[in-house]
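The values are calculated or read from the model by the stated rules, or taken from the named source; none is laboratory data. If you're wondering where the values come from, they're calculated on a predicted model, not measured in any experiment. Here the Cβ positions follow ideal geometry from the backbone for every residue, glycine too, while neighbour counts run over all protein chains shown. Side chains are part of the model used for accessible areas, which takes the heavy atoms of the whole protein and leaves out ligands, DNA and RNA. Shrake-Rupley method; radii C 1.70, N 1.55, O 1.52, S 1.80 Å.
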Amino acid sequence: MLSQLLSHPLTRDADLDSPDTTILRRRIIAEKPLLRSIYKEWYDFIAAAVPAGPGQVLELGAGAGFFKEVLPESLASEIFFLPDIDLVCDGCCLPVADGALRAVVMTDVFHHLPRVDAFLAEINRCVRPGGVVAMVEPWVTPWSRFVFGKLHHEPFLPAASWRFAASGPLSGANGALPWIVLCRDRERFLSICPDWEIETPLLMMPLRYLLSGGVSLRSLVPGGCHGLLVGIEACLSPVMDKLALFAGLVLRRRA
């Protein structure tokens, strides 16, 4: 009952794997000022990590967002065809030449990769020395275990393996996957990707995304509360390792 009451009317009972749902989510992000501000902050973090120099910037899972407004030269890709998408591709099989990319960027995509080992093989092949993979993803903390484990529709399984059933391009997920690969199993990652460094995660947003309702729920606070919430979260920074829901992550390939 509570879930139905809080569900956003545009996407209530929507098929997560339908391109139409991604288009509706694009509209939701555009129409919710607090949520759009959150995405803009995420995109600024990601864009700041992208190195200069030769090579294309490929965004995975670009369909609902607006990263191209922040970095216009980026190539927007999605798992299925959508308006304003430059390329349809699977992150585990990228249609680009060896060493052609200076960056792969994404927002809330890594945890939807059912074969993350295949994705790692692709970045080893496609990203040039000095290039990066930059992303914002869910992260595992005591608070996120409760929020994502109890209040979110996607599985959040910190004890799971690297793989999960690929039920659909967006419905298949493990929200804990980025933490599993880059924190819990860090040594395994570095053995597979020995030329890469994992920069210190930027832990963030214990409140704002939750109160915004994200792309699935109604906003729980007015859009004008953004500045106040930023201030509250700044006060929580000393305990962000206990409270963060998300992490800004940068993987950098040694030059």
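Counting pairs of alpha carbon atoms under 8 Å apart in space and at least six apart in sequence, what relative contact order in percent does the chain give? Walk me through the intermediate numbers first.
Numbers: 471 pairs, mean separation 57.3, N = 255.
That works out to 22 percent.
First check a/c for the range 167-226, with a ≥ b ≥ c the square roots of the eigenvalues of its C-alpha gyration tensor; if it is under 1.5, answer rounded, and if not, answer prolate when a/b is larger than b/c or oblate otherwise. Walk me through the numbers before you get to the answer.
Details: a/c = 3.92, a/b = 1.86, b/c = 2.11.
Cα axes put the range 167-226 in the oblate bin.
Spin-label point model (7 Å from Cα, Cβ direction): what's the residue 200 to residue 237 distance in nm?
Once both label points are built, they end up 1.2 nm from each other.
Where does the chain land at 222 nm, in deg cm²/dmol rounded to the nearest 500, when only DSSP H runs of n ≥ 4 count, each adding -39500 (n - 2.57), divided by all residues? Walk me through the intermediate numbers first.
Details: 10 runs with 85 residues, N = 255.
So the calculated ellipticity at 222 nm is -9000 deg cm²/dmol.
Can you give the convex hull volume per residue for the Cα atoms of the chain, as a whole number of Å³?
Numbers: hull volume 31.2 nm³, N = 255.
With only Cα atoms used, the chain gives 122 Å³ per residue.
Leaving out ligands, DNA and RNA but keeping every protein chain, what accessible area does residue 128 have, in Å² rounded to the nearest 10, with a 1.4 Å probe?
That residue has around 40 Å² of solvent-accessible surface.
Starting from the Cα-Cα distance between residue 254 and residue 117, subtract it from 0.36 nm times their residue separation and give me the gain in nm to one decimal. Before the final figure, lay out the partial values.
Details: separation 137, 0.36 × 137 = 49.32 nm, distance 1.97 nm.
Stretched out fully, the residue 254 to residue 117 stretch lengthens by 47.4 nm.
Which of the peptides 231-240, 48-57, 130-139 is most tightly packed, and how do the rest follow, judged by the mean count of other Cβ atoms within 10 Å per residue? Walk me through the intermediate numbers first.
Details: 231-240: 12.4, 48-57: 15.5, 130-139: 24.6.
Highest-to-lowest ranking by the protection proxy: 130-139, 48-57, 231-240.
Enter the accessible area of residue 10 (Å², nearest 10), with the probe set to 1.4 Å and all protein chains included.
Residue 10 exposes around 50 Å² with every protein chain in place.
Sorting check: for 12-19, 211-218, 114-121, 84-91, which peptide has the highest mean count of neighbouring beta carbons within 10 Å, and how do the rest follow? Could you put the intermediate results ahead of the total?
Working: 12-19: 13.9, 211-218: 20.2, 114-121: 18.1, 84-91: 16.1.
Going from most to least packed, we get 211-218, 114-121, 84-91, 12-19.
Tell me the GluC sites (Glu not before Pro) within the range 46-96 that lie in a loop according to DSSP and have at most 14 other beta-carbon atoms within 10 Å.
In loop regions of the range 46-96 (DSSP not H, G, I, E or B), the sparsely surrounded GluC sites (Glu not before Pro) are 73.
Mind pulling the angle between the C-alpha long axis of helix 33-49 and the longest principal axis of the chain? Nearest 10 degrees, somewhere in 0 to 90.
Approximately 20 degrees, to the nearest ten.
For the range 126-251, calculate the relative contact order in percent as a whole number, restricting contacts to Cα pairs under 8 Å that are 6 or more residues apart. If you can, show how the numbers build up before the last one.
On the way: 158 pairs, mean separation 49.2, N = 126.
The normalised contact order for the range 126-251 reaches 39 percent.
In degrees from 0 to 90, rounded to the nearest 10, what is the angle of the helix 19-31 Cα long axis to the longest principal axis of the chain?
60
If each of residue 185 and residue 18 carries a label point 7 Å out from its Cα toward its Cβ, how far apart are those two points in nm?
So the label points at residue 185 and residue 18 sit 3.4 nm apart.
Report in % the part of the accessible area of the range 11-68 that belongs to carbon and sulfur, leaving out ligands and nucleic acids; probe 1.4 Å. Intermediate values should be presented prior to the final figure.
Numbers: 1280 of 2380 Å².
Reported share for carbon and sulfur atoms: 54 percent.
Residue-wise, which Karplus ³J(HN,Hα) couplings in Hz belong to the range 127-137, taking 6.51 cos²θ - 1.76 cosθ + 1.60, θ = phi - 60°, and x for glycine or proline?
Result, ordered by residue: 8, 6, x, x, x, 9, 10, 10, 7, 10, 9 Hz.
If amide hydrogens are placed 1.01 Å from N in the peptide plane, which non-local residues have theirs closer than 5 Å to the one on residue 156?
175
For every other residue with a beta carbon closer than 11 angstrom to the beta carbon of residue 218, add +1 if it is Lys or Arg and -1 if Asp or Glu, then tell me the sum.
Numbers: positive: 12, 32; negative: none.
Charge balance near residue 218 sits at +2.
I want the local charge near residue 252. Using Cβ-Cβ distances under 13 Å, sum +1 for each Lys or Arg and -1 for each Asp or Glu among the other residues. Please report the intermediate quantities before stating the final value.
Details: positive: 102, 128, 253, 254; negative: 195, 197, 199.
For residues surrounding residue 252, the net value is +1.
By its C-alpha gyration tensor, with a ≥ b ≥ c as the square roots of the eigenvalues, how is the range 41-131 shaped: rounded for a/c under 1.5, else prolate for a/b larger than b/c, else oblate? Write out the running numbers ahead of the final one.
Values: a/c = 1.41, a/b = 1.05, b/c = 1.35.
Rounded, since a/c falls under 1.5.
Angle check, please: helix 116-126 long axis (alpha carbons) against the longest principal axis of the chain (alpha carbons), in degrees 0 to 90, nearest 10.
50
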